[in-house]
Each structure stands twice: as structure tokens, then as C-alpha cells.
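A short reminder: the numbers here are calculations on the coordinates, not readings from a lab. This is a predicted model, so every value here is computed, not measured. Neighbour counts run over all protein chains shown; Cβ positions are idealised from the backbone, glycine included.
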């Protein structure tokens with residue numbers, strides 16, 4: 001009876017995935033087919049098989065390589081900052097104190113806002129005479145008049161700042177769950193033996209937290225790598241191409257320039273890069289899981 005219920009639950013959980021794949025697979029097959037063709041959307045009958053030419057054009061395009069590099073820098077910087085801030089907040093929030101629920105709600109609120117709304121809101125906040133420069137002028141000896149979205153470096157830094165503000169709550173929630181889940185017995189035994197708070201953190205908590213930390217970093221990095229709504233709302237890849245990340249370039253190639261064949265090929269090149277990152281991440285997670293299991297099962 002239990003087995004039957006378990007089987008029903010399994011198939012019930014897999015049914016939405018099967019339905020999704022039934023819609024996605026034909027689209028993906030069509031996209032693969034078109035990525036090997038040269039065609040004009042305004043003249044659909046003019047199809048020509050070009051083999052790997054579209055893929056060669058993508059990987060040899062300096063604009064694509066620069067966009068990929070920007071995406072990696074953007075994802076890496078925002079992930080590092082989100083991790084540092086999120087871990088700090090998790091350490092502060094892991095113990096009960098009056099008003100903890102209010103602080104928890106405030107910290108996770110940015111993650112609940114629609115990305116496009118965040119983009120347009122920060123576009124108003126970051127104008128030259130907007131609230132951000134006004135607040136900075138209050139603590140700076142002279143008026144701050146930074147053109148946050150009109151200069152290359154400030155625009156890129158602004159995107160990173162907005163991304164960190166939006167998604168630090170995700171890292172915070174994951175790491176807080178990991179900290180709360182650490183067995184209290186290990187910590188109490190270390191305190192009884194006279195270990196300092198710092199040694200307990202470095203030698204017990206961090207090793208036990210490593211799988212959770214790696215999971216949070218991988219999820220955060222992959223999300224940042226595919227970030228599009230906020231970037232498009234804030235800068236549209238500008239000024240010039242200074243903030244043109246891979247998702248923005250893919251959108252421009254496919255819809256603004258109507259080069260759908262190259263856009264199809266570009267999406268698959270990006271997909272292969274993401275597959276490599278996911279594969280490496282899974283390998284690291286499995287290694288950490290085995291190490292953690294060995295730590296728990298080690299006999300004195």
C-alpha cells in the first residue's frame with residue numbers, strides 16, 4: 001500500500017516536468033535545426049544550409065566574447081558580494097532575539113520584488129540629481145553628481161549593486177538554514193573542551209557549512225549569469241556596449257537585429273557554457289557530500 005502511494009506521488013511530481021518537456025523538446029529541436037541554416041525572417045522560404053557557420057561566427061565574434069567576459073565578471077562580483085553580505089546577515093540572525101521576525105522580513109523583501117520594477121525604480125534613484133547622489137552628498141565634503149547610468153564604469157557598478165540588493169536574500173536564506181541545521185552537540189562539545197568562538201567557527205562550522213556554501217554560490221552565480229530584466233530596464237547594454245552582458249546581446253541579436261540564425265547558435269553556445277559550469281558544480285557538491293558523510297560516520 002505504501003509502495004503504491006509512493007509510486008503515485010512520484011508520478012504525480014514528475015507529470016508537470018513531463019508536460020513541460022513535451023512542449024519544450026519540439027521547440028528545442030526546431031531551434032537546433034534553424035541554427036544550422038541561414039534564413040531571413042522576412043522571407044521564410046529562403047532557407048540555406050550553412051552547417052556550423054553560425055556557430056563559428058558566434059565564437060569568433062569579439063562582441064560575443066566581450067559580452068561573455070562581462071557576464072562572468074558581473075556574475076562573479078555580484079556573487080562574491082552577495083555571499084559576504086548574506087553570510088554576515090545569517091550569522092547575525094541565527095539566534096533568537098526580540099524583533100527577529102521583522103528583521104527577517106526586511107532582509108528577504110528585495111527578493112520578492114519583480115525584477116523589471118526594480119530596474120525602473122533604480123533608474124529613477126540613480127539619475128544625476130536623484131536620491132542616491134543626494135544621500136551621498138550629505139556624507140561627502142562636496143556635492144556628488146555621478147552620472148551612474150551614463151558612464152561606463154559607474155553603469156557597470158550600478159548593475160552589480162542592484163543585483164546584489166535583489167538577490168542577497170537568497171544567499172542569506174540558504175546560509176541561515178545551513179547554520180541552523182548544524183548539530184548543536186558538536187558546538188557544545190567544542191565549548192566544553194575550551195575552544196574559542198573563532199576556532200569553533202573556523203574548524204567546525206565552516207567545514208560543516210561547505211556543501212551549503214557551495215550550493216548557494218553556484219545557484220547565485222548561475223542566476224546572475226542569466227540576468228536580463230534589470231539590465232535591460234536600467235541600461236539596455238549601454239552606454240555603448242559597456243554593460244552588454246550575454247543575455248542582452250542575445251536579445252539584441254535575435255529581436256533588434258532580426259538575426260535569428262545567429263541568435264539560435266548563440267543561445268546554444270551559451271547553454272553549453274552553462275552546462276559546463278553546472279557539471280563542475282555538481283562534481284564539487286558530490287565531493288563535499290562524500291567528505292561530509294565521512295566526517296559524520298568517522299568513529300573515534
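The long axis of helix 2-35 is offset from the longest Cα principal axis of the chain by roughly 30 degrees.
Shape of segment 189-272 from the C-alpha gyration tensor: prolate (a/c of 1.5 or more and a/b above b/c, with a ≥ b ≥ c the square roots of its eigenvalues). Exposure proxy shown here: for 255, 198, 148, the number of other Cβ atoms within 10 Å sets the order, fewest to most, as 198, 255, 148. Taking label positions 7 Å along the Cα-Cβ direction at both residue 203 and residue 114, the computed distance is 5.3 nm, reported to one decimal. For residue 184, put the label point 7 Å out on the Cα→Cβ axis and report which residues of segment 66-99 keep their amide N under 14 Å from it. What the label zone holds, given the 14 Å backbone N cut-off, is 95-96. Once Kirkwood radius over Cα pairs in Å is calculated for the structure shown, the corresponding label among (i) 21.3; (ii) 22.9; (iii) 19.9 turns out to be (ii). By definition, a body whose alpha carbon gyration tensor gives a ≥ b ≥ c is oblate when a/c is 1.5 or more and a/b is not larger than b/c, and segment 92-140 fits this oblate description. For the pair residue 53 and residue 143, the difference between a 0.36 nm per residue extended length and the Cα-Cα distance amounts to 27.1 nm.
Rounded, prolate or oblate for segment 135-212? Axes are the square roots of the Cα gyration tensor eigenvalues, ordered a ≥ b ≥ c, and the cut-off for rounded is a/c under 1.5. It is prolate, given that a/c is not under 1.5 and a/b is the larger ratio. Annotation: the residues 235, 147, sorted from fewest to most other C-beta atoms within 10 Å of their own C-beta, follow the order 147, 235. Against the main long axis of the alpha-carbon atoms of the chain, helix 260-297 sits at an angle near 20°. Estimated at 0.36 nm per residue, the fully extended path between residue 31 and residue 125 surpasses their Cα-Cα distance by 29.9 nm.
How much length would be gained if the chain were fully extended between residue 153 and residue 196, taking 0.36 nm per residue of separation minus their Cα-Cα distance, in nm to one decimal?
Using 0.36 nm per residue and subtracting the Cα-Cα distance, I get 11.2 nm.
Just want the ordering: 121, 245, from fewest to most Cβ atoms lying within 10 Å of their own Cβ.
By the 10 Å Cβ count, ascending: 121, 245.
Measuring nothing but how far apart in sequence close Cα pairs (under 8 Å, 6+ apart) lie, relative to its length, segment 88-237 scores a relative contact order of 33 percent. Which residue, 27, 248, 192, tops the fluctuation ranking in a GNM of the chain built on C-alpha contacts under 10 Å? Checking each option, the largest mean-square fluctuation is seen for 192.
Using R₀ = 25 Å, calculate the FRET efficiency as 1/(1 + (r/R₀)^6) where r is the Cβ-Cβ separation of residue 21 and residue 271; round to 0.05.
Efficiency, from the Cβ-Cβ distance: 0.95.
Placing R0 at 35 angstrom, the Cβ-Cβ distance between residue 287 and residue 69 gives a FRET efficiency of 0.80 after rounding to 0.05. Taking 136, 20, 208 as the candidate residues, the one with maximal mean-square fluctuation in a Gaussian network model of the chain, Cα springs under 10 Å, is 20.
Spatially, segment 49-112 and segment 221-300 are offset by 10 Å when compared through their Cα centroids. Relative contact order of the chain, taken over Cα pairs closer than 8 Å and 6 or more residues apart, is 26 percent. Measure nothing fancy, just the Cα-based angle from helix 206-225's long axis to the longest principal axis of the chain, in degrees from 0 to 90, nearest 10. It is inclined by approximately 20 degrees.
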